[in-house]
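> The following block contains the structure, expressed as structure tokens.
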Amino acid sequence: MFNVEIRKHNTSSFYNEAKEKYNNKRYEELHKRSIEQPEEFFADIANTVHWTKKWDRVLDNFHQPFTKWFVGGELNACYNAVDRHVESGKGSKVALIHDSPLTQTIRKVTYAELLDKVSHLAGGLAALGVKKGDRVLIYMPLIPEAIMAMLATARLGAIHSVVFGGFAARELCARIVHAEPKVIIAASCGVEPNKIIRYKDILNEAIECSSYKPEKCVIFQRKIETAPLDLDMDILWDDVLTLAGPHECVSIEANEPLYILYTSGTTDDPKGVQRPIGGHIATLTWTMSVIYGMGPNDVWWVASDLGWVVGHSYICYGPLLYGITSVMYEGKPDRTPDPGQYFRIIDEHKVNAIFTVPTSFRVIRREDPKASFGKMYSTKSLKKIFIAGEHCDYETKMWTENTFRVPVLNHWWQTETGHAITATCIGLGHSLKPPKHCAGLPFLGYNVKVVNEDGSESKPLELGRIVVKLPLPPGTLSTLYQAPERFCQIYFSKYPGYYDTMDAGYKDEFGYVFVTARDDDIINVAGHRLSTFAIEDVIFAHPDVIDATVVGVPEPTKGEVPLCLFVMRNHAKKNEDEICRDLIRMVREMIGPIASFRLAVAVKGLPRTRSGKVCRKSISNMAKDQEVKISGTVEDPTVYKDIKSVLQKLGFAISGPDPQ
């Protein structure tokens, strides 16, 4: 039911042909070695970075799930990301390209300039009292200074906590209270299409509401708008750079935290993922070639924000550790100023690979389905596109591949893991045409299982809960900050001996992993568990639908039934009623009558986070008359008003409070 195409074609001839296509002895041998001989395997991986002190032992797994890697080893993340490249003669190489159509500027920062700014900023922070183990909170837009702040903090052996610049004062306050930063580094403002976000005003409000007060706030004044300073609390970025001379790198033990990153949507009770330095930077360096196939002179672009895990891993640390050029794009796929910007950046900066969310391409396709703006640019430098963070429907994937003429490769990972759990690994020679809808094969070090409710292993193609057998590989979360009991309860209590991804999915006969939904997004229709992603993929095949989501809503006989909210394409050929009839027919044909799919309705927009995910649970809760708290990560909270009105016309969301 969840993979109709594979089931339909699973004849012996098809199976043998597919087995030949997907068979990869090198991958199979390496994956087996990474699981059965982890100490030997990951010792080799650790040698991709510079250690100031060799580890005493590779793996300490005596206190699961608090696994430790490279115990006793010491190193510094900033040294590995910056200093060692300058020392090897690569100081003139461009480390960062900041492209901002919002401010009409393009800036290139070399590794030598990065070292100069970061070492002086570290010296200034040390003069302000920041030392090894202290927390530094960073509240900045996507600008090079944000990466400088991260690296300067890491240079001192301190712990950074980057807060997404779009967060309001309430969310920022919660993170200040929880992390207790000695110093906060912020920018005067951020920029959105047609408006300026005054970060300093938001920061002032957050500090005023906070029960904990930082000792100092370092303020970077952007030229587009400066902010008034509090003379007792604030100090200018430029002044901090001159407080002291350059500071040397401080070595820290491999299992000490590099950073704390709060998962999206945490407000009243923040969940701070704590990342250990040693395994993380070694793994990230390695993944740049083994997963993404990047060469030493390639240009890499991740279209995300530093406030998300993707930004930490692959805008900042991954490409800099590997010594290549990382593009930072401060803009939108479509409105800054047109839907040709992705094409322009590829052409102008000779980008070799992109990593982004599928929504970026949905937006471009919605505004410019024939890529008329894009045709003004050359994308010959581009070799591959990687997507993650949300389900990618097949129509969007095919449009993107046909438009950019490169493979579009899905992979799956989480804030908690810090890098991919499953992927198509370019460096291991995986097929660039993996099975439709899959998220790739388990990455090296991940012993991925799909289990039933009772913990027994599911059969191939059987939907279940995706878990990872312990120990987790190097670089994944070591605990939750100041919450070890909660760490154990959330991730390891339901399936002892396994990390619970809380995602649903299945494996096929060849070992490929299919992630169908967050387990919360599975709809239970009269005892039959249906994946929201499976239905959505059918919906997206309609030529007049540009965005959509499926949620479960109450039904007295079946318990729950699926409801589709969809956004119509501009200049759609059919009206809403005609599209609804088409969708009901299509789902019945592709999924079957078991889906009980009879509810589809058009809306103006969907509540997507800035990282691209649809807040399905909030829509479902609203339909059930439950309280809905709007996450600070939602890009356009105003869509909830229209959605509630639409739900009420269908007989849902009658007595519940308005989303807040």
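> Among the listed residues ASP625, ASP636, identify the single one that is more than 23 Å from GLY165 (Cα to Cα), acidic (Asp, Glu) and surrounded by fewer than 21 Cβ atoms within 10 Å (Cβ to Cβ). So that I can check it myself, show each step before the final result.
Values: ASP636 fails: more than 23 Å from GLY165 (Cα to Cα).
Residue meeting the stated conditions: ASP625.
> Quick one: in the range 426-451, which of the residues that are β-branched (Val, Ile, Thr) and under 21 Å from the mean Cα position of the chain (by Cα) is most open to solvent (accessible area, probe 1.4 Å)? Spell out how you get there, then give the answer.
First, the residues of the range 426-451 that are β-branched (Val, Ile, Thr): 426, 448, 450-451.
Imposing the further condition that a residue be under 21 Å from the mean Cα position of the chain (by Cα) reduces the set to 426, 448.
On the way: ILE426: 46, VAL448: 4 Å².
Here the residue is ILE426.
> Additional query: Can you name every one of the helices (runs of 4 or more DSSP H) wholly within the range 573-660 that holds 1 or more residues which are in contact with a helix residue (DSSP H, G or I) (Cβ under 9 Å, 6 or more places away or on another chain), more than 26 Å from THR516 (Cβ to Cβ) and of a type outside the set (Phe, Trp, Tyr)? It would help to see each step written out before you state the result.
Numbers: elements: 576-590, 616-623, 639-649.
Where helices (runs of 4 or more DSSP H) fall fully within the range 573-660 and carry at least 1 residues being in contact with a helix residue (DSSP H, G or I) (Cβ under 9 Å, 6 or more places away or on another chain), more than 26 Å from THR516 (Cβ to Cβ) and of a type outside the set (Phe, Trp, Tyr), they are 639-649.
> I would also like to ask the following. Among the numbered criteria (1) within 21 Å of PRO193 (Cβ to Cβ); (2) assigned to a helix (DSSP H, G or I); (3) open to solvent by less than 30 Å² (accessible area, probe 1.4 Å), which one does THR285 miss?
Failing condition for THR285: (1).
> Looking only at residues that are within 23 Å of the chain's Cα centre (by Cα) and either under 28 Å from ASN524 (Cα atoms) or charged (D, E, K, R) (or both) in the range 465-486, which one is most open to solvent (accessible area, probe 1.4 Å)?
For the range 465-486, the residue satisfying everything is LYS469.
> Now for a different question. Suppose we keep only residues that are in contact (Cβ under 8 Å) with a residue 24 or more places away in the chain and at negative phi within the range 495-504. Which one would you say is most open to solvent (accessible area, probe 1.4 Å)?
Applying the first criterion (in contact (Cβ under 8 Å) with a residue 24 or more places away in the chain) to the range 495-504 yields 495, 497-504.
Still in the running and at negative phi: 495, 498-501, 503-504.
On the way: TYR495: 16, TYR498: 60, TYR499: 3, ASP500: 5, THR501: 2, ASP503: 10, ALA504: 0 Å².
Step by step, filter the range 495-504, then rank; the result is TYR498.
> Are there any pairs with C-beta distances below 7 angstrom linking a residue in the range 206-223 that is under 15 Å from LEU142 (Cα atoms) to a residue that is among the hydroxyl-bearing types (Ser, Thr, Tyr) and at pLDDT below 95, with the two at least 6 apart or on different chains, and if so which?
none
> Additional query: With (1) farther than 15 Å from ILE143 by Cβ; (2) open to solvent by less than 40 Å² (accessible area, probe 1.4 Å) as the list, and TRP237 as the residue in question, which single condition is left unmet?
For TRP237, the failing item is (1).
> Let me ask something else about it. Which condition number in (1) in contact (Cβ under 8 Å) with a residue 40 or more places away in the chain; (2) open to solvent by 10 Å² or more (accessible area, probe 1.4 Å); (3) of a type in the set (D, E, K, R) is the one that ARG175 fails?
(2)
> Sort out which residues of the range 603-614 are out of contact with any Leu (no Cβ under 8 Å at 6 or more places or on another chain) and crowded, with 18+ Cβ neighbours inside 10 Å, and write them in order of number.
The first filter runs over the range 603-614 and keeps only residues out of contact with any Leu (no Cβ under 8 Å at 6 or more places or on another chain), leaving 604-605, 607-613.
Across the range 603-614, the qualifying residues are PRO607, ARG608, THR609, ARG610, SER611, GLY612, LYS613.
> I've got another one for you. Output the residues belonging to the range 356-385 that are over 23 Å from SER531 (Cα atoms), within 22 Å of the chain's Cα centre (by Cα) and not in a helix (DSSP H, G or I).
THR356, LEU382, LYS383, LYS384, ILE385 - these are the residues of the range 356-385 that are over 23 Å from SER531 (Cα atoms), within 22 Å of the chain's Cα centre (by Cα) and not in a helix (DSSP H, G or I).
> Only one of PRO556, PRO562 is open to solvent by 10 Å² or more (accessible area, probe 1.4 Å), at pLDDT below 95 and either of a type outside the set (Phe, Trp, Tyr) or closer than 30 Å to GLY279 by Cα (or both); which? Break it down stepwise before answering.
Values: PRO562 fails: open to solvent by 10 Å² or more (accessible area, probe 1.4 Å).
Result: PRO556 is the single residue among PRO556, PRO562 that is open to solvent by 10 Å² or more (accessible area, probe 1.4 Å), at pLDDT below 95 and either of a type outside the set (Phe, Trp, Tyr) or closer than 30 Å to GLY279 by Cα (or both).
> Of the residues that make up the range 196-212, is at least one at pLDDT 95 or above and closer than 17 Å to GLY311 by Cα?
no
> Please specify each residue of the range 485-521 satisfying the condition of being assigned to a loop (DSSP other than H, G, I, E, B) and under 21 Å from TRP69 (Cβ atoms). Steps first, please.
Step one: filter the range 485-521 for residues assigned to a loop (DSSP other than H, G, I, E, B), giving 493-497, 508-512.
Answer for the range 485-521, where residues must be assigned to a loop (DSSP other than H, G, I, E, B) and under 21 Å from TRP69 (Cβ atoms): just GLY497.
> Kindly indicate whether VAL130 is among the β-branched types (Val, Ile, Thr) and part of a loop (DSSP other than H, G, I, E, B). Explain how you work it out, then say what you get.
On the way: among the β-branched types (Val, Ile, Thr): yes; part of a loop (DSSP other than H, G, I, E, B): yes.
Spelling it out, VAL130 is indeed among the β-branched types (Val, Ile, Thr) and part of a loop (DSSP other than H, G, I, E, B).
> So which residues in the range 178-231 are touching a helix residue (DSSP H, G or I) at 6+ places or on another chain (Cβ under 6 Å), part of a strand (DSSP E or B) and open to solvent by 20 Å² or more (accessible area, probe 1.4 Å), if there are any at all?
PHE220
> Within the range 94-110, identify whether any single residue is under 14 Å from VAL250 (Cβ atoms) and either among the acidic types (Asp, Glu) or in contact with a Leu (Cβ under 8 Å, 6 or more places away or on another chain) (or both), and answer yes or no. Step through it out loud before you land on a result.
Here is the first cut: in the range 94-110, the ones under 14 Å from VAL250 (Cβ atoms) are none.
Taking every residue of the range 94-110 in turn, none turns out to be under 14 Å from VAL250 (Cβ atoms) and either among the acidic types (Asp, Glu) or in contact with a Leu (Cβ under 8 Å, 6 or more places away or on another chain) (or both).
> Across the range 407-425, which residue is least open to solvent (accessible area, probe 1.4 Å) among those that are more than 14 Å from VAL513 (Cα to Cα), in a loop (DSSP other than H, G, I, E, B) and of a type in the set (Val, Ile, Thr)? Reasoning before the result, please.
Residues of the range 407-425 that are more than 14 Å from VAL513 (Cα to Cα), as a first pass: 407-408, 414-419.
Cutting the leftovers down to in a loop (DSSP other than H, G, I, E, B) gives us 407, 414-419.
Filter again for of a type in the set (Val, Ile, Thr), leaving 415, 417.
Working: THR415: 36, THR417: 2 Å².
Once the filter is applied, the top-ranked residue is THR417.
> Also, I was wondering about something else. Which of the residues spanning the range 28-40 are in contact with a helix residue (DSSP H, G or I) (Cβ under 9 Å, 6 or more places away or on another chain) and either aliphatic (A, V, I, L, M) or surrounded by fewer than 20 Cβ atoms within 10 Å (Cβ to Cβ) (or both)?
Of everything in the range 28-40, those that are in contact with a helix residue (DSSP H, G or I) (Cβ under 9 Å, 6 or more places away or on another chain) and either aliphatic (A, V, I, L, M) or surrounded by fewer than 20 Cβ atoms within 10 Å (Cβ to Cβ) (or both) turn out to be LEU30, ARG33, ILE35, GLU40.
> Here's another thing I want to ask about it. Can you tell me which residues in the range 294-352 are open to solvent by less than 10 Å² (accessible area, probe 1.4 Å), small (Gly, Ala, Ser) and within 19 Å of the chain's Cα centre (by Cα)?
Result: GLY307, GLY311, SER313, GLY318, SER326.
> Can I ask one more? Taking the stated definitions as given, is PHE66 open to solvent by 50 Å² or more (accessible area, probe 1.4 Å) and either assigned to a loop (DSSP other than H, G, I, E, B) or in contact (Cβ under 8 Å) with a residue 24 or more places away in the chain (or both)?
Yes; evaluated as a whole, the condition is true for this residue.
Every residue, every condition in (1) basic (Lys, Arg); (2) open to solvent by 10 Å² or more (accessible area, probe 1.4 Å); (3) under 20 Å from LEU258 (Cβ atoms), yes or no:
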residue	(1), (2), (3)
SER88	no, yes, no
THR103	no, yes, no
LEU125	no, no, yes
LYS132	yes, yes, yes
ILE138	no, no, yes
PRO144	no, no, yes
ALA149	no, no, yes
ALA152	no, no, yes
ALA158	no, no, yes
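> State all residues of the range 437-484 that are part of a loop (DSSP other than H, G, I, E, B) and without any contact (Cβ under 8 Å) to a residue 12 or more places away in the chain; if no residue qualifies, say none.
We begin by selecting, within the range 437-484, every residue part of a loop (DSSP other than H, G, I, E, B); these are 437-440, 443-446, 452-456, 458-463, 470-478, 481-483.
Residues satisfying the conditions are ASP454, SER456, LYS459.
> While we're here: Under 6 Å between Cβ atoms, at least 6 apart or on separate chains: pull out the pairs that start in the range 244-257 with a residue that is touching a residue at least 12 places away in the same chain (Cβ under 8 Å) and end on any residue that is open to solvent by 40 Å² or more (accessible area, probe 1.4 Å) and in a loop (DSSP other than H, G, I, E, B).
From the range 244-257, the pairs are VAL250/LYS132; SER251/THR52.
> Please count how many residues of the range 429-452 are on the phi < 0 side of the Ramachandran plot and in contact with a strand residue (DSSP E or B) (Cβ under 9 Å, 6 or more places away or on another chain). Outline the logic, then answer.
We begin by selecting, within the range 429-452, every residue on the phi < 0 side of the Ramachandran plot; these are 430-436, 438-439, 441-444, 446-452.
Then drop every residue that is not in contact with a strand residue (DSSP E or B) (Cβ under 9 Å, 6 or more places away or on another chain), which leaves 430, 432, 434-435, 438-439, 441-443, 446-452.
Of the residues in the range 429-452, 16 are on the phi < 0 side of the Ramachandran plot and in contact with a strand residue (DSSP E or B) (Cβ under 9 Å, 6 or more places away or on another chain).
> So if I check each of LEU172, LEU114, LEU142, which one is in contact with a strand residue (DSSP E or B) (Cβ under 6 Å, 6 or more places away or on another chain) and assigned to a helix (DSSP H, G or I)?
Details: LEU172 fails: in contact with a strand residue (DSSP E or B) (Cβ under 6 Å, 6 or more places away or on another chain); LEU142 fails: assigned to a helix (DSSP H, G or I).
Just one listed residue meets the conditions, LEU114.
The values are calculated or read from the model by the stated rules, or taken from the named source; none is laboratory data. As the structure is a prediction and not an experimental result, all values here were calculated from the model. Neighbour counts run over all protein chains shown; Cβ positions are idealised from the backbone, glycine included. The area values use the complete protein model at the heavy-atom level, side chains included, leaving out ligands, DNA and RNA. Shrake-Rupley method; radii C 1.70, N 1.55, O 1.52, S 1.80 Å.
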